[in-house]
Amino acid sequence: MKKGFTMAEVLITLGIIGIIAAITLPTVINNAKERETVAKVKKFYSVMSQALLMSIGKHGYVDEWGFCEEYNAECATQFVSNFRSELKVIRDCANNSNCIAQNGYKYLNGNSFSSNYGNGDLYYKMILNDGSYLWIRHNNSNTCKNNDASTANVCGLIWYDLNGAKLPNQLGKDIFVFYILKDRITPHNNDDCYEEKQGWGCARYILEHDNMKYPQTQEN
């Protein structure tokens with residue numbers, strides 16, 4: 001007689017495999033998404049740093065660019081103009097609306113933003129060739145003397161939405177913030193990359209830890 005598995009044994013084995021897959025597959029998918037996000041944030045940081053250095057080589061340090069300091073469309077355009085040409089942009093929206101998402105941005109803790117980046121004309125908006133969104137504003141000082149969080153002499157800020165209009169549109173998940181200083185770009189320095197907080201500093205967390213395993217709470 002030939003030995004083999006009974007139908008019941010096969011079904012039981014397949015059921016066990018299905019249960020194991022159901023348990024492990026979400027973790028595998030989440031890990032893959034995390035690695036993809038980490039890689040995109042690191043690449044963006046490198047690309048923007050190189051673009052700024054190219055601009056500095058042509059136009060001098062950022063605090064020498066001579067842009068105006070008011071919060072309006074004209075000053076935002078002046079601020080971006082020196083390094084706009086160093087980026088691979090498929091849609092240059094300047095200060096216009098209907099480019100990036102109009103509403104619905106959230107902090108890491110799930111609370112909604114009060115800022116409307118899509119309609120605000122002090123933000124210069126672009127869509128990069130990989131479909132990501134980028135918006136930039138200067139920091140209300142043409143000599144880069146203003147401070148932001150614990151970082152001194154900030155010239156401007158960059159918001160990077162790595163997957164465009166797709167959800168979750170949330171700081172620390174698919175939106176990350178960087179500073180433009182007079183001679184370099186750095187991640188936002190706010191120490192709030194905790195699941196219960198806003199998440200401005202999550203780009204820094206990723207660059208330092210090479211992962212997105214954010215702590216739940218801030219230890220005192």
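Where a number appears in this text, it was derived from the coordinates with a stated rule and is not lab data. From a predicted model like this one, the values you see are computed outputs, not experimental measurements. Positions of Cβ are generated from backbone atoms using ideal geometry, with glycine treated the same way; all protein chains shown enter the neighbour counts.
Quick notes on this structure:
- Taking Cβ separations below 4.7 Å as the criterion for a possible disulfide partner, the chain contains no isolated cysteines.
- Convex hull (Cα only) mean projected area of the chain, reported in nm² to one decimal: 17.2 nm²
- C-alpha center-to-center spacing [segment 187-214, segment 134-175] in angstrom: 14 Å
- By the helix-only formula, in which each DSSP H run with n ≥ 4 contributes -39500 (n - 2.57) and the sum is divided by residues, the chain has a 222 nm mean residue ellipticity of -11500 deg cm²/dmol.
- The stretch between Leu11 and Asn30, if pulled fully straight at 0.36 nm per residue, gains 4.0 nm over its current Cα-Cα span.
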